[in-house]
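Asks: Here it is: the structure, laid out below.
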């Protein structure tokens with residue numbers, strides 16, 4: 001079942017700028033040790049850094065409809081995170 005949650009509060013520009021200078025591990029610790037991915041996952045392009053509110057979507061195998069829905073929810077500066085459910 002597809003669900004789209006709209007109207008989520010977004011952090012202020014100042015909050016995003018404050019997070020932009022922090023390392024992922026520091027943010028993880030400050031948030032009560034939540035949300036850090038496995039240590040073996042590393043960036044493909046290490047110089048790249050992003051900071052912004054995440055718009056997340058979960059997609060079924062062979063179906064990209066929710067990606068289109070999520071893109072419509074995105075605002076300037078948002079980071080789109082797509083989670084496939086394929087095995």
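The values are calculated or read from the model by the stated rules, or taken from the named source; none is laboratory data. Just so you know, these numbers come straight off a predicted model, no measurement behind them. All Cβ positions, glycine included, derive from the backbone under ideal geometry; neighbour counts span all protein chains shown.
Asks: Scan region 71-87 for residues that are more than 15 Å from residue 10 (Cα to Cα) and in a loop (DSSP other than H, G, I, E, B) and jot them down. Working first, answer last.
Replies: Going through region 71-87, the residues more than 15 Å from residue 10 (Cα to Cα) turn out to be 71-72, 81-87.
Residues satisfying the conditions are 85, 86, 87.
Asks: Could you please give the count of residues in region 14-26 that are surrounded by 10 or more Cβ atoms within 10 Å (Cβ to Cβ) and more than 14 Å from the chain's Cα centre (by Cα)?
Replies: Residues meeting the conditions: 6.
Asks: Can you tell me how many residues in region 14-26 are without any contact (Cβ under 8 Å) to a residue 40 or more places away in the chain and outside any loop (DSSP other than H, G, I, E, B)?
Replies: The total comes to 9.
Asks: Now a separate question. Of all residues being touching a residue at least 12 places away in the same chain (Cβ under 8 Å) and in a helix (DSSP H, G or I) in region 27-70, which is nearest to the chain's Cα centre (by Cα)? Just the residue, please.
Replies: Across region 27-70, the extreme among qualifying residues is 70.
Asks: Further question: Mind checking which residues of region 36-86 are touching a helix residue (DSSP H, G or I) at 6+ places or on another chain (Cβ under 6 Å) and modelled with pLDDT under 90?
Replies: 36
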